[in-house]
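The values are calculated or read from the model by the stated rules, or taken from the named source; none is laboratory data. Computed from a predicted model, the values in this text were never measured in an experiment. Glycine also receives a Cβ, built like all others from the backbone with ideal geometry; neighbour counts cover every protein chain displayed.
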Amino acid sequence: MTTAISVAGLHKSFGKTHALDGLDLEVEAGEVHGFLGPNGSGKSTTIRVLLGLLRADSGAARMLDMDPWTDAVELHRRVAYVPGDVTLWRNLSGGEVIDLYGRLHNGGRTRRGGKDGGRTGGLDPARRADLIERFELDPTKKGRTYSKGNRQKVALVAAFASDVDVLILDEPTSGLDPLMEEVFQRCVREERDRGRTILLSSHILSEVEELCDRVSIIRKGRTVESGSLADLRHLTRTSVTAELTGPPNGLASLPGVHELEVQDLEGQDAGVRPDGVRCRVRLHVDTDKLNAVLRSLTDSGVRSLTSTPPTLEELFLRHYQEDVQPDGRRDVQADGRRDVQADSRADGSEETVAR
Ligand SMILES: Nc1ncnc2c1ncn2[C@@H]1O[C@H](COP(=O)(O)OP(=O)(O)OP(=O)(O)O)[C@@H](O)[C@H]1O
Ligand SMILES: [Mg+2]
């Protein structure tokens, strides 16, 4: 499997704010890669470096074997980008914006097609029409008149309809209603099936769980976890509740056991219960240590057992919560965005990429 995006040891500071502090990211060609992390952890900054909108202080970033800063023009032909806060040209209609991106992604060429034989940029007219219908978008309205969700749809249709190799989606569904979220998810799967590579930054965990083959979790500008969802599940804890007919010998000293609670049921009500149960234990266990715990429970005589597999949400929240201080304060950089111009490309392209 070849690598579509490769970021190593990336650093970027804005004044005293270290937005990226040695960030690593590997996205394989053809996968949907989730890019997660608390607010202000550096996801959008990484993406802006990858798009050539921002220059890193140090470290390496490559996409499709190109340097995003020096090969930006060629790269933008092969990469489509959807931010979470799409702004459109005020006087262009949604359809015109979609076609403009189509031409960008087709090296400036236009293609004739559609019912009226009109120009559709570099887009496949059937695919363009299909997406407009599925996202229930009116492409004739002017940019200034669209609602937030509809602006997102314009950018999504433009991206999904484009003939590109990589889709970079930075919280792309913010503002979409649940039905449109469904449409989005189906489109992402189709794109993956067509062999596209997708980097998806999202705070919607269900979306990530549904769509992503692998994820990278970042915190304070560094990657703290990376792997397939199955791999990450192994890092989590399983909850176990069991009723035992004997004492829970040695459970407390087993490696990987956390928050063990033993409830003695003997002597309550009418002494030993007719089913012979003497105690109930509850514990959390590192999932890779589950076997030893189950053996120990069996030795004590199991009458009933419930085991709840870890959810991804628990894993993510654990990573997110490591930023929370004892007083409940979040130890992340305050979002002090400023002076974007100083770090942007001279052609102001970031303004028109509907940021
Ligand atoms: N142009 C800028 N000028 C100054 N600081 C910036 C700028 N852009 C980003 N930052 C800072 O860099 C850090 C990382 O921001 P970034 O937007 O990359 O986070 P994020 O992970 O995308 O967060 P969110 O989940 O809220 O979108 C934050 O502290 C932010 O305030
Ligand atoms: Mg962001």
Counting only helices (runs of 4 or more DSSP H) entirely within region 1-113, those with at least 3 residues that are more than 16 Å from ligand 2 (Cβ to nearest atom) and closer than 26 Å to A158 by Cα are 72-78, 94-104
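Within region 206-250, take every residue that is among the small types (G, A, S) and within 16 Å of ligand 2 (Cβ to nearest atom) and give me the one that is farthest from V293 (Cα to Cα). It would help to see each step written out before you state the result.
The initial filter retains those residues of region 206-250 that are among the small types (G, A, S), namely 206, 216, 221, 226-228, 230, 239, 242, 246, 250.
Filter once more, keeping what is within 16 Å of ligand 2 (Cβ to nearest atom): 216, 221.
Details: S216: 30, G221: 37 Å.
That would be G221.
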Checked pairs for region 170-198, first more than 18 Å from D213 (Cα to Cα) and among the aliphatic types (A, V, I, L, M), second part of a helix (DSSP H, G or I) and within 16 Å of ligand 1 (Cβ to nearest atom), C-beta under 8 Å and 6 or more apart or across chains, list as L176/Q152
Can you tell me which residues in region 50-69 are in contact (Cβ under 8 Å) with a residue 40 or more places away in the chain and of a type outside the set (A, V, I, L, M, F, W, C)? G52, R55, D57, S58, G59, R62
Out of region 27-54, which residues are near ligand 1 (Cβ under 8 Å from one of its atoms), farther than 15 Å from K12 by Cα and touching a strand residue (DSSP E or B) at 6+ places or on another chain (Cβ under 7 Å)? G37, P38
Could you tell me which of the residues E243, E190, E209 is within 29 Å of G9 (Cα to Cα) and among the charged types (D, E, K, R)? E209
For region 240-255, indicate whether the set of residues that are modelled with pLDDT of 90 or more, over 23 Å from R303 (Cα atoms) and surrounded by fewer than 20 Cβ atoms within 10 Å (Cβ to Cβ) is non-empty. yes
Only one of these is within 23 Å of the chain's Cα centre (by Cα), surrounded by 15 or more Cβ atoms within 10 Å (Cβ to Cβ) and closer than 28 Å to D193 by Cβ: G84, G95, G40. Name it. G84
State which residue pairs qualify: first residue under 20 Å from L232 (Cα atoms) and in contact (Cβ under 8 Å) with a residue 24 or more places away in the chain and inside region 18-42, second residue in a loop (DSSP other than H, G, I, E, B) and near ligand 1 (Cβ under 9 Å from one of its atoms) in any location, beta carbons under 6 Å apart, and separation of 6 or more residues or different chains. L23/G221; P38/V332
So which helices (runs of 4 or more DSSP H) are wholly in region 136-221 and hold at least 2 residues that are within 25 Å of E96 (Cβ to Cβ) and modelled with pLDDT of 95 or more? 148-161, 178-193
Which numbered condition in (1) of a type in the set (F, W, Y); (2) surrounded by 16 or more Cβ atoms within 10 Å (Cβ to Cβ); (3) away from ligand 1 (no atom under 16 Å from the Cβ) is the only one that W89 fails? (2)
